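Take a look at the structure set out below.
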Amino acid sequence: MAAAVGYDDVRVGDELPRVVIGPLTRQDIVQYAGAAWDFSPLHYDQPFVEAAGLPNVVVMGMFTAGMASRCVTDFAGAGQVRDYKVRFVARIYPGDTITCTGKITRKFETSGERMIEGELTVTNQKGEVAINGSFRAAVG
Amino acid sequence: MVDRSFIGRTSRTFSMPIEWGKVREFARAIKDPNPAYLDSDFAARVHGGIPIPPTFLMTSMAWEIPEWESGRVIELDYSNGVHGEQEFQLLRPIFVGDVLSWTQRIADIHEKDGARGGKMKFAVIEGNYFNQRGEQVAISRSVMIEFPPRPAVA
C-alpha cells in the first residue's frame, strides 16, 4: 500500500485539505442508494417524509460520511485508513453543499505502522455541523 | 422497556466477494475520483491491488437483507429512529478479489431519557469481518437510535 504523505512531513495541528461537495441532488441520493443498497423511503419518497414531518427527503448519513472520507484518503492515500468513525448530529438535504475539514491530533507508531489520528467535521453551507468524526490512518 | 436479553444475539455467517464493479460504483456514488478505485493498472502499481473506500463495507448489508435486519431482530422501529453513529476499524488491507465472511452481533441495548420526555432506545450492532485466509480484516460498529413515540396529533 502506498501512502500519499510521509510521517515526518506531518505535524500535530496540521489541517487536512478541505473537501467541498454539492449542491447535492436527488439523483445523487438515488445513485448512492443503489451503490450501497440503502432503500429506506426516508431517502427518496416525498409523501413518506412529509407524513413523517420532514420538509424533504434526507441524504443518508453514510452517504455524507462516504463523501467526507475523501478528506482522509486524499491526504493519506486510498487503503491507508485504519479507523473511521462518524457521529450524525444534523440532517443534510438535497440542495445542501457539504464541507469536510479535518485536523491531525496525534502521531504515533504501533505494530510496525506509523499512524496519524485526527478529527473531522462536516458542515452544511450555513456552517451547521452535520457530522463529527475521527480517523486513524497509516502514513509512509 | 428495552429487552436486554437480545444482547449477544448473533447472525449466521454471511459472505461476499469484493468486486471491482461494486467498488467503482460506490466510489462514483460518493464522488471520489481517486484512480485507486477506477484504474486497475494504477491501483496495482501504486497500491498492490484495488483497495476499498473506508465506508465500502456498508455494501455488506445487501448480502444480509432480508434475513438479518437488526431492527427486526431487536424490535427497534427504525422508521422512528436514526443511524446515530458508525465506525469501521480496518485492521488489514482489503482488496478487490478478496472474499469476506462476517457475522453481526447485538453488542448492546440500552435506553436514555429523551430531551422531550420519553425514552430513547439505543442498539449497538457489531460486525466482525474475515478474509479468505481467515485473517480478521475489519470491525464495524453501528449505533441505531429509536426516538420516543410521537404524541398523537389531534
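Each reported figure results from applying straightforward, stated rules to the coordinates on display, with no laboratory input. These figures come from a predicted structure and were not determined experimentally. Neighbour counts are summed over all protein chains in view; Cβ atoms, including those assigned to glycine, are modelled from backbone coordinates with ideal geometry.
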Q. On a 0 to 90 degree scale, rounded to 10, what angle separates helix A:26-36 from the longest Cα axis of chain A?
A. 60
Q | 0 to 90° range, to nearest 10: angle between helix B:20-29 axis and chain B longest Cα axis | A | 60
Q. What is the Cα centroid distance between region A:1-22 and region A:30-76, reported in whole angstrom?
A. 26
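Grab the DSSP H runs of the protein assembly as shown that are 4 residues or longer, score each as -39,500 (n - 2.57), total them, divide by all residues and round the 222 nm result to the nearest 500 deg cm²/dmol. Don't skip to the end; give the middle numbers.
Values: 8 runs with 58 residues, N = 294.
Per the formula, -5000 deg cm²/dmol.
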(Q) Can you give the longest run of chain B that contains no trypsin sites (Lys or Arg not before Pro) sitting in a DSSP loop with at most 10 other Cβ atoms inside 10 Å? (A) B:13-115
Q: Just round it to a whole percent: the fraction of Cα-Cα distances in region B:4-146 exceeding 27 Å.
A: 29
Q. How high is the relative contact order of region B:4-146, given as a whole-number percent (alpha carbon pairs under 8 Å, six or more residues apart)?
A. 29
Q: For B:LYS22, list the lysines whose Cα falls under 26 Å from its own Cα; do not include residues on the same chain fewer than 8 positions away.
A: A:LYS85, B:LYS31
Q.
What is the distance in Å between the Cα centroid of region B:20-37 and that of region B:111-144?
A. 26
Q: Name the residue, out of B:ASP41, B:ASP77, B:ASP108, whose mean-square fluctuation peaks in a Gaussian network model built on chain B with Cα pairs under 10 Å.
A: B:ASP41
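Give me a single rounded figure for A:54-64: the average over its residues of other chain Cβ atoms within 10 Å of their Cβ.
Working: counts 0, 0, 0, 0, 1, 0, 2, 5, 7, 5, 1.
That works out to 2 on average.
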Q) Per-residue HN-Hα couplings for region B:94-110, Karplus 6.51 cos²θ - 1.76 cosθ + 1.60 at θ = phi - 60°, whole Hz, x for Gly and Pro? A) 10, 10, 3, x, 6, 10, 9, 10, 7, 10, 10, 9, 6, 7, 6, 9, 8
